[in-house]
Each structure stands twice: as C-alpha cells, then as structure tokens.
Amino acid sequence: MKKRVVIIGGGIIGLCTAYYLQKEAAEIIVIDKSDFSSGASYVNAGLITPSHIISLASPGIITKGLQWMFDASSPFYVKPRLNYDFLKWTWLFKKSATSQKVTTSIPVIRDINLLSRRLYEEMISDKSFSFFYKHKGLLMLYKTDKAGEEEWNVGKKAIECGLKVEQISQKQLQEIEPTVNSSVKGAVHYLSDAHMTPHQFMQQMKSFLTAKGVIFKEHTEVEDFEIQSNLVTGVKTNHELIKLDELVVASGSWSQNLLKKLKVNVPIQAGKGYRIDVVNRTKINIPSILLEAKVAVTPMDSVTRFAGTMELGGINHTVNNKRVNAIANAAESYYNEIEINEKEKTSAKCGLRPCSPDGLPYIGRLTKLKNVTVGTGHAMMGWSLGPATGKLITEILNEKKTSMDITPFQVERFS
Ligand SMILES: Cc1cc2nc3c(=O)[nH]c(=O)nc-3n(C[C@H](O)[C@H](O)[C@H](O)COP(=O)(O)OP(=O)(O)OC[C@H]3O[C@@H](n4cnc5c(N)ncnc54)[C@H](O)[C@@H]3O)c2cc1C
C-alpha cells in the first residue's frame, strides 16, 4: 500500500520535497493556507548561493544591528520585543555568532549548497521543465575600500574551501558589467553561483507535480494535529481532518508555532525582505549584491529584481515604504540609467525568511513523534537549498543513506 505523506507548506521546500517523494511513488498532499502564489518562495532574489558560506549569525552583526536599529531605512533591523521566543532566539543567535562556530559551519553550508545546485542542474536536464537558470556567478560590488577588503577576506575563505572566486578591478568590471557606474570601485566575483526566476520555477513545479498526481489543497490551514501514542495520524485543518502516514512540516516562518502544538520548540524568527521588479528595462547582465546597501540584484528572464532588507519584527506582511525606497535608491546609486518608478515601488512585495539562530536549517525527524520530519529555517538560502532539502527529507522518509551528513541540521538541537 502507498504511504500517504502530508506536506504542510507549499513553498520551495514543500514543493521540492513533493518532487523527490513522487519519484518514490508516495501519495502526496501539499497543504497551504495561501493560494500558492505569494510568500518568500515567490518574492526572493532567485540566487543559488554557494558563495554565502558565512552564516547570518557572525561576529559583528550584533553591533551592526544595534547601529541600524533606529534607522528606518537600514537594511538590517531588529524590533525589540518582550516576547519569550524572540528573546530566546536573540540569546541563541548571540551564542552562535562566534568565529569558531562560523568556521565550523563553512564546509556544511558549502556542501549543502553545492548539492542543491547540482540537483537544480539535474532537474534542468529533465525535459519536463523549461525554467530559466543561468550560471554567471555573483558579483559583490563595493564603493568603499573597507567593504572591498572585508569581502575579499570572505572570498579568500571561499577559495580555501574550494570555490572559484576572483577579484575584479574597476576597469575589468566596466568590461563585464558596463552598466555599473563609476562610484563602484570593484567587485569580488563568486563564480560558483547561479540564478533563476523563482515564480516561474514554482509554477512549473506545481504543474509538473499536479500531472504526477500530487494533490494541492490551497486556502487550507493546519490548525492542530491528531496524535496516537508516538505518531501523528492526521492534520486538523480549517476544512477537514486529513489522515496520514507521514508528516512533513515545511511551513517556513510559521513552523515554530505549528511545531509547538507537537510539544517541540524549534526557534525561528521571521526575517522580512522586500523585492522590487523592474520589467525588462535594465541592461544588467550579472547578478550582484550591492555590498554597502545589502541589496541583491538579479537579471531574471522577464524582470530585473532588486531585493533586500532583513527585518526581524515578527510575523506580518506590512510593507515599510522607507525600506522599499532605500532599496530603489541603492539600485539607482550603483548603476547608470536605472530609474525605478512609483508604480514599481508601490508594487513591491515582501516575504518572510525563516531564520534559525545559528544560520543552519532544520532538516530531520523529530525524536518522539516518529513519523514527523521537518524542513525549515533556511533564512537567506531557502531558495538555493530547496532541492537538497527535498532530497534529504525523501531519503530520511525512505530510511536511505542521506546524500550528506545531516547531523548539523538536527531539528531539536536547541531543545
Ligand atoms: C526578499 C527576499 C529575497 C531572498 N533571496 C533569496 C535568494 O536569492 N536565494 C535564496 O536561496 N534564498 C533567498 N531568500 C530566502 C528564501 O526565499 C526562503 O528561505 C525560502 O523561500 C523559504 O522557503 P519555505 O518553503 O521554507 O517557506 P515559504 O516559502 O514561506 O513557504 C511556507 C508556506 O507554508 C505555509 N503555511 C504556514 N503555516 C501553515 C499552516 N498552518 N497551514 C498551511 N500552510 C501553512 C505558508 O502559507 C507558506 O506558503 C529570500 C527571501 C526574501 C524574503
């Protein structure tokens, strides 16, 4: 008899999990409280990021956060709150932000990123898909020598761990990306990175899975669980009780609240980010990060996307126009001939990155409830790590040897 797997969350993690599970002939139901067209997995910058070897929890970030706390247009913002989960997360984040922990995480982040990039490339060779995927690397553009030096230090670490990275002078930059203006002094080029158009991939993946018999239930919110001894036997939604054999929790920033109903505490804070889309007017060729402004720029197939801001202010989708304007101003100040109009700014969207305190995702089974597997907490790398997470979860469910060591991703590591 086919095992019925219920996946809570139709973001990149949920869909990639469904993709690998359907190959193993499972009966799959993906449940989402939204309509499968919004959320972090639809608004992100689409960067595939082996370059991001330094986790968010790194030395210096707390000082920067404190400096930026009172600046309404800053790229990193923490809203102080007297809330137990937030205070505990902050404490765990501070404990993780040490040089030693960052160094230990580097090979782990590299390996899961490279695995995931390879899996995206495998999907392209499957003729069922025709999604946009380019491998041009990622330019870290800097205007100040300080930012350039800091990034080159990261670049050297990346080279040490086997990635291909080059220092690009202002003159070379003008040759490969002439649209960058003269205030930009140079770049560090991570040749390991690739980029995609997230909403296009999500639509193609959903159509592919539907054709394979995966059931999608939209506007369906999981409110509680049916539990018998050490197994979850069903999810109670706003519409019905859905019975199951295996449960996968891939509900992004909402996962902590949901998992609490299973008596498991998995610290996650939502890191809000914004994107502005400019329809085919830019000549930008290579994806970049504007280092001083912390804005990501992705030339997708139909739009150029400018994305940025990490706002730790709880779960909400309120758009802060000051931060949207700051992203637009940054874009205009690094490139020639870019003007982002009011319509584009007012159409800006936001999404919530599910941030763990140590910058590593949670991937694995719960210890007490034997049929519950979790995939969340990917923060700024969730798009990149979708396929690897889906594959690892499928291997866990099928009790196969996992494609990489998943010990660092233990779900209950902070319990
Ligand atoms: C502006 C921005 C730029 C980014 N850029 C990049 C990038 O370039 N590269 C990269 O790798 N990552 C990037 N990210 C991060 C990446 O988008 C996220 O890490 C990733 O999308 C998280 O995917 P997810 O599937 O875990 O969560 P989500 O996409 O948030 O999906 C979770 C889903 O669960 C559903 N859900 C929650 N609770 C319930 C419930 N109780 N019942 C039913 N459904 C529920 C939600 O409706 C949601 O659709 C960016 C994020 C943002 C915001």
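The values are calculated or read from the model by the stated rules, or taken from the named source; none is laboratory data. Since the model is a prediction, treat every value here as computed from it, not as a measurement. As a convention, Cβ positions derive from the backbone with ideal geometry for all residues, glycine included, and neighbour counts pool all protein chains shown.
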Condition set of a type in the set (S, T, N, Q) and touching a helix residue (DSSP H, G or I) at 6+ places or on another chain (Cβ under 8 Å), scope segment 304-343, selection surrounded by the fewest Cβ atoms within 10 Å (Cβ to Cβ): answer is Asn321
Give Val278, Val249 a once-over and let me know the one that is more than 11 Å from the ligand (Cβ to nearest atom), surrounded by 15 or more Cβ atoms within 10 Å (Cβ to Cβ) and either among the aromatic types (Phe, Trp, Tyr) or closer than 24 Å to Tyr42 by Cβ (or both). Val278
Since Lys127 meets every condition but one in (1) among the charged types (D, E, K, R); (2) away from the ligand (no atom under 15 Å from the Cβ); (3) at pLDDT 90 or above; (4) more than 18 Å from Met310 (Cβ to Cβ), which condition does it not meet? (3)
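Quick grid of which residues meet (1) in contact with a His (Cβ under 8 Å, 6 or more places away or on another chain); (2) at pLDDT 95 or above:
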{"site": "Ser37", "(1), (2)": "yes, no"}
{"site": "Leu47", "(1), (2)": "yes, yes"}
{"site": "Ile62", "(1), (2)": "no, no"}
{"site": "Ala72", "(1), (2)": "no, no"}
{"site": "Val78", "(1), (2)": "no, no"}
{"site": "Asn83", "(1), (2)": "no, no"}
{"site": "Phe86", "(1), (2)": "no, no"}
{"site": "Lys94", "(1), (2)": "no, no"}
{"site": "Val102", "(1), (2)": "no, no"}
Do you know which residues across segment 363-386 are touching a helix residue (DSSP H, G or I) at 6+ places or on another chain (Cβ under 9 Å) and either near the ligand (Cβ under 10 Å from one of its atoms) or over 27 Å from Ile227 (Cβ atoms) (or both)? Gly375, Thr376, Gly377, His378, Met381, Gly382, Trp383, Ser384, Leu385, Gly386
Hey, any hits in segment 141-163 for a residue that's under 30 Å from Leu15 (Cβ atoms), part of a loop (DSSP other than H, G, I, E, B) and touching a strand residue (DSSP E or B) at 6+ places or on another chain (Cβ under 9 Å)? yes
Reported set for segment 198-219 where residues are in a loop (DSSP other than H, G, I, E, B) and either of a type in the set (Phe, Trp, Tyr) or surrounded by 21 or more Cβ atoms within 10 Å (Cβ to Cβ) (or both) is Val214
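Among the listed residues Leu352, Leu392, identify the single one that is more than 18 Å from Asp245 (Cα to Cα) and away from the ligand (no atom under 11 Å from the Cβ). Spell out the reasoning first.
Numbers: Leu352 fails: away from the ligand (no atom under 11 Å from the Cβ).
Among Leu352, Leu392, only Leu392 is more than 18 Å from Asp245 (Cα to Cα) and away from the ligand (no atom under 11 Å from the Cβ).
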Among the candidates Gln228, Gln256, which residue alone is out of contact with any strand residue (DSSP E or B) (no Cβ under 7 Å at 6 or more places or on another chain), farther than 26 Å from Gly351 by Cβ and either free of Cβ contacts under 8 Å to residues at least 40 places away in the same chain or within 15 Å of the ligand (Cβ to nearest atom) (or both)? Gln228
Specify the residue that is farthest from Asn285 (Cα to Cα); the eligible residues are those in segment 166-181 that are surrounded by 18 or more Cβ atoms within 10 Å (Cβ to Cβ) and without any contact (Cβ under 8 Å) to a residue 40 or more places away in the chain. Ile168
Yes or no: Ala379 closer than 24 Å to Lys143 by Cα and in contact (Cβ under 8 Å) with a residue 12 or more places away in the chain? no
